[in-house]
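First the structure, in the form of structure tokens, and then the observations on it.
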Amino acid sequence: MFNELLKNIRKNKLVKVASINSLSVFVRLISGFAISKFMAIYIGPSGMAISGNLSNFLQSIQSLSSLGVKNGIIKYVSECKEDKSQFKNVVSSGFIISICIGFLLSVVLFLFANSFSFLVFDSISYSFLFRVSALIMPFFTVHVFFIAVISGLKKVTDLVIINIVAYLSSAILIISLMNINQLEGALLAIVITPILLFCSLFFKYKLLKEIIQNISLFPVYRNFFKKITSFFSMTLFSGIMFPFLFLLIRSYIIDNVGTEEAGYWEAMRKISGYYMMFVYTLFEIYLLPLLSENKSRMGFKTIVFGFYKSLLPFVFIGFLVIFILKFTIVKLILTDEFLPMNELFIWQLVGDFFRIIFLTISYQFLAKKLIKYYITCEIVYMALLYFFSRFFIDYFGVLGAVKAHAISSFLYMLLLFFVFRKEFFGKDEELV
């Protein structure tokens, strides 16, 4: 029986991808732990809250810079990778669109640096950070483009190597600059990290060269441009609004509870990000290409429940271990100053478990370009998260923010099962 179980595990494609990807995740975890540890030592909870505001703002801008190109390229490359002509059209158009958007946003960042600094920090003293970001933005856009193509080609091993180099170099940069200039060093490192991500591509130069050979600068293929624009609104909406939403919640905690408590919440989000990154990468390199290729309702149901069956038992065990070891994790990754955040773990873990369940379903929005459904559902989720956060923070302090996360994720999960009820419970038929 045990041998049969091992045989089934070896045959499971998701497990194979996860095994390869686990090395990348492990390196990112170690790098992230090191960054968090030094942040806790050098800048403390207050500094972590401030750096979190900058990170959320840049996440919005970086999402805007890719304007859906990443998910669009993953989808269409996975669909046409065997057709050389179509593949060249997709790659060429995606590259040109990415470059144009990157340069446009660079101009905006540079011209309105003072305004952005005041928005994020309530001061124009940090305007230089946004000007530096403006210069780096095109490099970030190109990095996203190549990562998307590699993901669409399902070159998992190459992607893992590139990611490992990026994580290690980013960690070294952030820790070094914090050591030199503490909070200001941390903020500068956050801004210039994208240039290291771009440089990491050259560790797979041969693959990079093969992709470049398929890029033709003229013309932009109208057919692909129309297809990719359907992803623009989806990425614009979620990519910009979610970081902005977290910025609003963090500001509400600072104003109504305190900066230290906002730092605890930010630290909890960082730890959550470390263990959730394993799942997020599986969504991009495994789930999205698979859903894009699927053409039937029964296939969608099989993919989703197969994903749950393969992944959720490991997630549950992992989350249980994290909860049991939460005191050790906080002391190891952060410092004793962050021990009050231990009460946040249970609600964060519950919310993240429901989040994995609903994200698995929600990737169908991207795979099948269900724009109206996607935006409507995301508005509902963000409204739930924002208003529950404000309500619970008033009654429970910072603990209310993670309670809101858990309840909102559960309700959104139920909403998505309702939206896709035909796919899960209806008769099999071809999907658009």
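Residue pairs exceeding 19 angstrom between C-alpha atoms, taken from Lys155/Lys301; Lys270/Lys326; Lys75/Lys204; Lys309/Lys372: Lys155/Lys301; Lys75/Lys204; Lys309/Lys372. Rolled with a 1.4 Å probe across the full set of protein chains, the surface gives Val108 an accessible area near 50 Å². Once the chain from Glu343 to Lys206 is taken as fully extended at 0.36 nm per residue, the excess over their C-alpha distance is 44.5 nm. Protein heavy-atom accessible surface, 1.4 Å probe, per residue over region 67-175: 39 Å². For region 305-432, a/c is not less than 1.5, where a ≥ b ≥ c are the root eigenvalues of the C-alpha gyration tensor, and a/b does not top b/c. That puts it in the oblate class. Only protein heavy atoms count here; under a 1.4 Å probe, Ile41 has an accessible surface of about 100 Å². Both radii were evaluated on the Cα set of region 339-388; the Rg over Rh quotient, with Rh as the Kirkwood radius, amounts to 1.11.
With a 1.4 Å probe rolled over the protein heavy atoms of all chains, the accessible area of Ser63, Ser409 falls in the order Ser63, Ser409, largest first. Note on region 86-156: with neighbouring protein chains present and a 1.4 Å probe, carbon and sulfur make up 74 percent of its accessible heavy-atom surface. Normalising the Debye intensity of region 30-135 to I(0), with uniform scatterers on Cα atoms only, and taking log10 at q = 0.18 Å⁻¹ returns -0.92.
Projecting label points 7 angstrom from Cα along Cα→Cβ for Ile30 and Phe103 puts them 4.1 nm apart.
Each 5 Å bin from 0 upward holds the following percent of the Cα-Cα pairs of region 56-209: 2, 10, 16, 19, 19, 15, 9, 6, 3, 1, 0. Maximal additional length on extending the Ser176-Val321 stretch stands at 49.0 nm, based on 0.36 nm per residue less the C-alpha distance. Taking Thr281, Thr141 and ordering them by how much accessible surface each has at a 1.4 Å probe, largest first, produces Thr281, Thr141. Taking each residue as 0.36 nm, the span from Phe305 to Asp336 lengthens on full extension beyond its C-alpha to C-alpha distance by 7.1 nm. Spin-label model, Cys199 to Leu217: label points 7 Å out along the Cα-to-beta-carbon direction sit 2.6 nm apart.
For region 159-203 versus region 105-145, the inter-centroid distance based on Cα atoms is 17 Å. Got a number for the accessible area of Ile174? Probe 1.4 Å, square angstrom, nearest 10. Its heavy atoms expose roughly 20 Å² to the probe. Is the C-alpha gyration tensor of region 361-424 telling us rounded, prolate or oblate? Criteria: a/c under 1.5 is rounded; beyond that, a/b larger than b/c is prolate, otherwise oblate. Here region 361-424 falls in the prolate category.
The values are calculated or read from the model by the stated rules, or taken from the named source; none is laboratory data. This is a predicted model, so every value here is computed, not measured. Every residue, glycine among them, receives a Cβ derived from its backbone with ideal geometry; neighbour counts consider all protein chains shown. Remember, those area values only see protein heavy atoms, side chains included, never the ligands or the DNA or RNA. Shrake-Rupley method; radii C 1.70, N 1.55, O 1.52, S 1.80 Å.
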